[in-house]
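Colleague: Take a look at this one; I'll ask things after.
Taken together, the values in this text are just the output of simple stated rules run on the coordinates, not laboratory data. Quick caveat, the model's predicted, so the values are computed rather than measured. Neighbour counts run over all protein chains shown; Cβ positions are idealised from the backbone, glycine included.
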Amino acid sequence: MKIFTAEQIRAWDAFTIAQEPIASIELMERAADALVNAECGVRSAESSPPHREGWGGYSIWAGTGNNGGDGVAMARFLRMMQQEVQLVICDFGTAHTADFAEQIKRLPGYDNPEVIWLKPGDPWPVPPADWLVVDALFGSGLNRAPEGEWARAIIFLNQLPNLRLSIDIPSGMFADKSSPGPCIRADYTYTFQAPKLAFLLPENAEFAGQWEVLDIGLHPEYEAFTYTPNHYVQPELIREMLYKRPKFGHKGIFGHALLIAGSRGKSGAAVLAARATLRAGAGLLSVHAPQCSEFILQTAVPEAMYSPDEHAEIWTQIPELNRYQAIGVGCGIGTAHETAAALRRLLEQVACPLVLDADALNLLAQNPAWWDLVPPGAILTPHPKEFERLFGASENDFERLERLRRAAEAHQVCIVLKGAHSACATPSGTVFFNSSGNPGMATAGSGDVLTGLLTGLLAQGYSPEEAMVLGVYLHGRAGDLAAAEQGMSALIAGDIVDFLGKAFLEVDK
């Protein structure tokens, strides 16, 4: 799914109006219909999600622009479905758009629903505590931070004990840049046709809440032919990427992967990565690790072959590399001087696809001259602090996203910036935001599992871009399946490995 800018969304609206053709007011009616159907469960697969149960009514706070028009139309549609509705129109001196004015004319009467025209200085009406507050003050066209009475309205709504639902985007939030002013803290957001970039970045988590994309029938031709560097991964894309195994396939054609992992006290990282590599479908796996890891690896992962380092406790030696189709390095290796020297030799010699994680990234950050040795197409998997050590600090998440994009382009590598909606940047500058995963996966060893999964996919011949997007999604989906059974708080990294098979089964339907 493409992620468009606010300007592109407006152009998409205009394209639909011209090409369908449809009047703009009727497109607004279509949006309101989608809102009410989603909220009341008329056409929803889950007819009664938790926030739709037990509401006494809806208090809709509308501005006088087109987002306010959506709110007015929603109020009318909700009353047609016999819902209790209070419509509060914040008439604070800004212009009334034509479609907003038309929606006011379409209201059946001033007591059906109840309409309050709120002027500057008027007392704020307080809705009953069991009513859902609907935010329709500003849409994605907002170009400056709310001030004056508008800012006070946002602060007032945030202080109410009610749950809040925003239409299209929480008022005060910018879709494509950081939001400096007050912003509605929505518990839920219904956004139209495509997610907003702002929803996918950590700085806006407390504002966007749980969000859902509503299809309002914008013209598909615009989406097909309009470029954007940002995409939101959907299961359909993953199904297209997944290779089908040939009937007469054998382990020799599914790749021989090498993991360089572990050190004294951190053999578990090697075990987790190894199990994930095998679950990814690699035909063969060798794990090169210090001698202290031999018994642990041979016992915990009998399917893997052990390649001993000459050192008892740390990685110091490069094995013969010609036999391997992919290499993953970094999980639990430490940053000893001898290990750093070994990593440099590996970068100088490697000729197959490579995954760099954890301490391999920390050593690269300590030795920036080594960037010239990192092969094109390598996959790097930093968490935010590792990313900062590699590429520098950012003032906000939008700046960090651009830093991610430029780094992937400059070094011609794939970079997974891990987190909720992990951002997967390709050498072309395209970024794929992941749609799977949950907070329970923020646990020790989860990154080791991802490294193994990516290495196993690369060994089978997936391109670095395919392996990155597919692996990150499957990793998150396995975490979702594990959390559904184990709970988020009890989730451990080994659970993610255990549910990888079910994640593959779900995708390969």
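Colleague: Once amide H atoms are placed 1.01 Å from N in the peptide plane, what residues at a sequence separation of 5 or more from S59, or on another chain, have their amide H within under 5 Å of its amide H?
Modeller: Q86, L132, V133, V134
Colleague: Starting from the amide H of Y232, placed 1.01 Å from N in the peptide plane, find each other amide H under 5 Å away whose residue is 5 or more places distant or on another chain.
Modeller: K2, I3, F433
Colleague: Report the full-extension gain for the segment K502 to D372: residue separation times 0.36 nm, less the Cα-Cα distance, to one decimal in nm.
Modeller: 42.8 nm
Colleague: Right, here's the next one. Per-residue counts of other Cβ atoms within 10 Å, averaged by peptide: what ranking do you get for 212-223, 185-196, highest first?
Modeller: Peptide ranking by packing, descending: 185-196, 212-223.
Colleague: At what distance in nm do the modelled label points of E303 and H337 sit from each other, each positioned 7 Å from its Cα along Cα→Cβ?
Modeller: According to this spin-label approximation, the distance is 4.1 nm.
Colleague: In terms of modelled amide H atoms, which long-range or inter-chain residues lie less than 5 Å from the amide H of T189?
Modeller: For T189, the qualifying residues are S166, Q210, W211, E212.
Colleague: Additional query: Once you compute Rg and the Kirkwood Rh from C-alpha atoms, what is the Rg to Rh ratio for region 6-228?
Modeller: 0.93
Colleague: With a 10 Å radius around each residue's Cβ, average the other Cβ atoms per peptide and rank 439-447, 310-318, 269-277, 296-304, highest first.
Modeller: Result, highest mean Cβ count within 10 Å first: 269-277, 439-447, 310-318, 296-304.
Colleague: Next question, about the same structure. Please check which bits of region 95-125 a label hung off E147 would reach, taking the label as a point 7 Å along Cα-to-C-beta and the cut-off as backbone N under 16 Å.
Modeller: 95
Colleague: Enumerate the residues in region 202-241 having an amide nitrogen under 19 Å from the point lying 7 Å beyond the Cα of D187 toward its Cβ.
Modeller: Output list for this probe position: 205-213.
Colleague: Work the Kirkwood hydrodynamic radius out for region 138-228: mean of 1/r over every pair of different alpha-carbon atoms, inverted, in Å.
Modeller: About 13.8 Å, per the Kirkwood formula over Cα pairs.
Colleague: Using the basic label-point model (7 angstrom from Cα toward the beta carbon), what is the Q19 to E206 distance in nanometres?
Modeller: The modelled label-to-label distance comes out at 4.1 nm.
Colleague: Which ³J(HN,Hα) values in Hz, rounded to whole numbers, follow from the phi angles of region 318-331 under the Karplus curve 6.51 cos²θ - 1.76 cosθ + 1.60, where θ = phi - 60° and Gly and Pro get x?
Modeller: Values, residue by residue: 9, x, 4, 9, 5, 7, 9, 9, 7, 9, x, 9, x, 5 Hz.
Colleague: For region 191-314, what log10 I(q)/I(0) values come out of the Debye formula at q = 0.18, 0.19, 0.21, 0.23 1/Å, with one point per alpha carbon and no solvent?
Modeller: Here the Debye-derived log intensity ratios amount to -0.91, -0.96, -1.08, -1.24.
Colleague: Between the alpha-carbon centers of region 486-509 and region 282-337, tell me the distance in whole angstrom.
Modeller: Going from one Cα centre to the other spans 25 Å.
Colleague: With 10 angstrom as the radius, rank D91, D448 by how many other C-beta atoms surround their C-beta, starting from the fewest.
Modeller: D91, D448
Colleague: I've got another one for you. Can you put K247, K418 in order of Cβ neighbours within 10 angstrom, beginning with the fewest?
Modeller: By the 10 Å Cβ count, ascending: K247, K418.
Colleague: Identify the trypsin sites (Lys or Arg not before Pro) of region 288-367 meeting these criteria: DSSP loop state and at most 15 other C-beta atoms within 10 Å of the C-beta.
Modeller: In loop regions of region 288-367 (DSSP not H, G, I, E or B), the sparsely surrounded trypsin sites (Lys or Arg not before Pro) are R323.
Colleague: Shape verdict for region 420-473, please, from the Cα gyration tensor: rounded (a/c under 1.5), prolate (a/b greater than b/c) or oblate.
Modeller: Taking the square roots of the gyration eigenvalues as a ≥ b ≥ c, region 420-473 is oblate.
Colleague: Among all lysine pairs in the chain that are eight or more places apart or on different chains, how many have alpha carbons less than 13 angstrom apart?
Modeller: So the count works out to 4.
Colleague: Further question: Suppose every Lys and Arg Cβ carries +1 and every Asp and Glu Cβ carries -1, with no other charges. What dipole size does the chain come out with about its Cα centre, to the nearest 20 debye?
Modeller: Dipole of the chain, to the nearest 20 debye: 920 debye.
Colleague: Can you put F433, F15, F387, F248 in order, fewest other beta carbons within 10 Å first?
Modeller: F248, F15, F433, F387
Colleague: Multiply the residue gap between A98 and E388 by 0.36 nm, knock off their C-alpha separation, and tell me the result in nm, one decimal place.
Modeller: Full-extension gain reported as 99.7 nm.
Colleague: Still on this structure: How many angstrom lie between the C-alpha centres of region 204-236 and region 87-130?
Modeller: Spelled out, the Cα-based centre of one part sits 30 Å from the other.
Colleague: Taking θ as phi - 60°, what are the ³J(HN,Hα) couplings along region 128-144 by the Karplus curve (6.51, -1.76, 1.60), each to the nearest whole Hz, with x for Gly and Pro?
Modeller: x, 5, 9, 9, 8, 8, 10, 9, 10, 6, 9, x, 6, x, 4, 10, 8
Colleague: Which value, in debye to the nearest 20, gives the size of the charge dipole of region 349-484 about its Cα centre, when Lys and Arg are +1 and Asp and Glu are -1 at the Cβ?
Modeller: 80
Colleague: Please get the size of the charge dipole for region 6-228, origin at its Cα centre, with Cβ charges of +1 on Lys and Arg and -1 on Asp and Glu, quoted in debye to the nearest 20.
Modeller: Dipole about the Cα centre, nearest 20: 320 debye.
Colleague: What does the helix-only formula give at 222 nm for the chain: each DSSP H stretch with n ≥ 4 adding -39500 (n - 2.57), the total divided by the residues, and the result rounded to the nearest 500 deg cm²/dmol?
Modeller: -12000 deg cm²/dmol
Colleague: Stretch A490-D130 to full length: gain in nm at 0.36 nm per residue minus the Cα-Cα span?
Modeller: 126.3 nm
Colleague: Using DSSP to call loops (not H, G, I, E or B), can you name the trypsin sites (Lys or Arg not before Pro) in region 77-158 whose Cβ has at most 15 other Cβ atoms within 10 angstrom?
Modeller: R144
Colleague: I've got another one for you. Could you give the alpha-carbon Rg of the chain over 2.2 N^0.38 Å, rounded to two decimals?
Modeller: 1.12
Colleague: Let me ask another. Separation between the A224 and M80 pseudo-spin-labels, each 7 Å from Cα along Cα→Cβ, expressed in nm?
Modeller: Between A224 and M80, the label points sit 3.1 nm apart.
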